[in-house]
Every structure is written in structure tokens, then in C-alpha cells.
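The values are calculated or read from the model by the stated rules, or taken from the named source; none is laboratory data. Everything quoted here is computed from the prediction, not taken from an experiment. As a convention, Cβ positions derive from the backbone with ideal geometry for all residues, glycine included, and neighbour counts pool all protein chains shown.
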Amino acid sequence: MAQRKTIASSFVVGQTTSGAITLNNSTLMGVTISGSKITGTAMTFTVSTDGTNYYALYDDTSTEVSLTVTTAARSYIIDPKAFLPWSFVKARLGTSASAVAQATADQAILFHIDLL
């Protein structure tokens, strides 16, 4: 049975991405937005192998990996295969073409991972 872990991060006012989390030997399974301060309606992801250079995450059809989010506290499931190759991930408000800065207050986000 897989071991699960939750890592807390946040969207800080004025920023478009959350803090990075490390996925070494794990994969992202879902996220929880625990409050009602989220800015925007889309959440996408940037990924990295070195923790320095981050790139927008696209699937095998060249579609940006995206979640539709709401201001209500909710949990979202994510396809774990999309995150297997990467060592680091950040959530982004908006899309690569139109990122949105967190507006009114910091917003917590929980990353739910499975340890491989």
C-alpha cells in the first residue's frame, strides 16, 4: 500500500505561483484549497527537475494541465502520471498565457502526494 503525505504551501499576495514542493520519489495525487481567498478560476502547474528552472506542465495532447477552482474550500484530484517525471512542482493561478496574482490575502494550499 502506498504511503501518503500532505505538504502545505501557499499563494502569497502579489504572487502567481505557490511555494515549490519536492516530489523526489513521490507523485502528486491531489490538492486542497482550504479557504475562500483564492484569486482566479484556473490553477495550472509548473514543474522542474532541478528546483531552479520551472516550465509550464502540458499533457501528451499539448494541453496545459489545469484545474477549474472556486472560492469555496475544496479538494481536487489530479492524474498522478502527469507528475511522475518531475522532482519539483508549483501551483500557478491562471494559465501560462495569463497568470493571475493572488489579490487580497495569502491562501493556503495542501499538496497530497503518494510516496513511491
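For (1) hydroxyl-bearing (Ser, Thr, Tyr); (2) under 18 Å from LYS81 (Cβ atoms); (3) more than 10 Å from the chain's Cα centre (by Cα), each residue gets a yes or a no:
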site	(1), (2), (3)
ALA2	no, yes, yes
VAL13	no, no, yes
THR22	yes, no, yes
GLY30	no, yes, no
GLY35	no, no, yes
PHE45	no, yes, no
THR52	yes, no, yes
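Could we say that SER87 is surrounded by fewer than 18 Cβ atoms within 10 Å (Cβ to Cβ), over 22 Å from LYS5 (Cβ atoms) and either at pLDDT 95 or above or touching a Cys at 6+ places or on another chain (Cβ under 9 Å) (or both) here? No; evaluated as a whole, the condition is false for this residue. Residue pairs, Cβ under 6 Å, 6 or more apart or interchain, first in the stretch 88-99 and at positive phi, second assigned to a loop (DSSP other than H, G, I, E, B). List them. Note: pairs meeting the criteria are GLY94/GLY40; GLY94/VAL100. Within the stretch 1-20, residues that are surrounded by 15 or more Cβ atoms within 10 Å (Cβ to Cβ) have Cβ atoms under 6 Å from residues that are among the hydrophobic types (A, V, I, L, M, F, W, C) and assigned to a loop (DSSP other than H, G, I, E, B) in these pairs: THR16/ALA101, counting only partners at least 6 apart in sequence or on another chain.
For the stretch 21-50, what are the residues that are surrounded by fewer than 19 Cβ atoms within 10 Å (Cβ to Cβ) and either among the aromatic types (Phe, Trp, Tyr) or out of contact with any strand residue (DSSP E or B) (no Cβ under 7 Å at 6 or more places or on another chain) (or both)? The answer is ASN24, SER36, THR49, ASP50. Taken together, THR63, THR44, THR52 contain a single residue that is of a type outside the set (Phe, Trp, Tyr), modelled with pLDDT of 95 or more, touching an Asp or Glu at 6+ places or on another chain (Cβ under 8 Å) and within 26 Å of LEU116 (Cβ to Cβ), which is THR44.
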